[in-house]
Amino acid sequence: MSGLPPPNAPELHLSARALACRRGQRLLFGALDFELRAGELIWVRGRNGSGKTSLLRLAAGLATPESGELRRHAGRLVFVGHANALKDELTVAQALAFLLQLRGLAADSGAVQAALDRLGMAARRDAPVRSLSQGQRRRVALARLAAEREPAPWLLDEPFDALDVEGAERLNGLLLQHRARGGSVLLTGHQGLDTQRLQPRELDLGPVNTTEG
Ligand SMILES: Nc1ncnc2c1ncn2[C@@H]1O[C@H](COP(=O)(O)OP(=O)(O)OP(=O)(O)O)[C@@H](O)[C@H]1O
């Protein structure tokens with residue numbers, strides 16, 4: 001994934017050079033190079049504990065690399081972490097409106113309804129978040145992506161986790177639409193991604209590095 005891009009390569013969104021990450025005593029990866037460009041999807045792979053979540057946190061600016069650099073070249077990125085960040089005491093519509101407002105997106109009832117509808121959750125809009133299953137919570141958390149219009153980088157940590165086949169299909173549809181408008185995606189996960197239609201590039205973090213460095 002290194003080397004000079006062709007002269008008419010799509011706009012650069014993220015670039016990592018000799019990126020190293022340490023968690024505690026362990027060096028998770030030591031010299032990672034990759035570029036994420038407009039319209040691309042990179043599927044970060046690797047065993048449990050190999051550092052996939054850690055890489056996304058570096059990309060989001062939520063953690064600092066041990067060495068090397070990770071540069072964000074494009075506008076405001078979207079980070080959807082593994083935790084759903086939904087408040088239990090709110091209704092589904094209120095919780096999503098809160099996320100949309102944080103992002104500076106329209107959060108009126110029409111916008112909320114449309115986003116919930118894309119994830120098949122519109123009928124539960126007045127239900128309290130605490131009454132939802134894990135998969136339903138995941139759908140509501142991902143509904144914020146349906147309200148996005150910018151070709152920004154999306155950083156998604158295990159977005160397919162807890163989704164059923166129908167939910168995964170809806171998310172694959174959002175990813176396809178985002179790529180078509182020039183958005184980019186860096187995501188982790190062990191299953192659910194429609195590799196046939198999305199044609200991801202794979203970034204393999206390999207086996208867990210068990211040596212201390
Ligand atoms: N808060 C922490 N403090 C110290 N070490 C941590 C911490 N969180 C994670 N680690 C270490 O970092 C390693 C990588 O964690 P990370 O969550 O990035 O892996 P992952 O590839 O996303 O795993 P999974 O596939 O299980 O989600 C873990 O194996 C763990 O040893």
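Just a few scattered comments:
- Amide H within-cut-off set for Arg47, under 5 Å, with H built and near neighbours excluded: Gly206, Val208
- Taking a Cβ cut-off of under 10 Å around Gly189, the surrounding Lys, Arg, Asp and Glu residues balance to a net charge of -1, with basic ones at +1 and acidic ones at -1.
- Whole-Hz ³J(HN,Hα) from phi, Karplus 6.51 cos²θ - 1.76 cosθ + 1.60, for the stretch 195-205, glycine and proline x: 5, 4, 7, 8, 6, x, 8, 10, 10, 9, 7
- Candidate membrane-span-like segments in the chain, meaning DSSP H helices with Cα atoms spread over at least 15 Å of their own axis and a Kyte-Doolittle mean of -0.5 or above, are 92-102, 165-180, with no membrane implied.
- Sites Leu12 and Arg197, calculated FRET efficiency, Cβ-Cβ separation with R0 30 Å, nearest 0.05: 0.80
- Residue of Asp194, Asp108, Asp33 that the Gaussian network model of the chain assigns the largest fluctuation, springs spanning Cα pairs under 10 Å: Asp108
- A cut-off under 12 angstrom between Cβ atoms defines the neighbours of Ala60, and their net charge, with Lys, Arg +1 and Asp, Glu -1, is +2.
- Long-range HN-HN contacts of Gly182 with modeled amide H, under 5 Å: Gly39
- Residues in the stretch 168-193 that a label on Ala127 would reach, taking backbone N under 19 Å of a point 7 Å out along Cα→Cβ: 168-171
- Near Val80: Cβ cut-off under 10 Å, other residues only, Lys/Arg at +1 and Asp/Glu at -1. The net charge is 0.
- Ranked list, fewest to most other Cβ atoms within 10 Å of each Cβ, for Ser67, Ser184: Ser67, Ser184
Only the coordinates and a few stated rules stand behind these numbers; no lab work does. From a predicted model like this one, the values you see are computed outputs, not experimental measurements. FYI the Cβ positions are ideal-geometry reconstructions off the backbone, even for glycines, and counts take in every protein chain you see.
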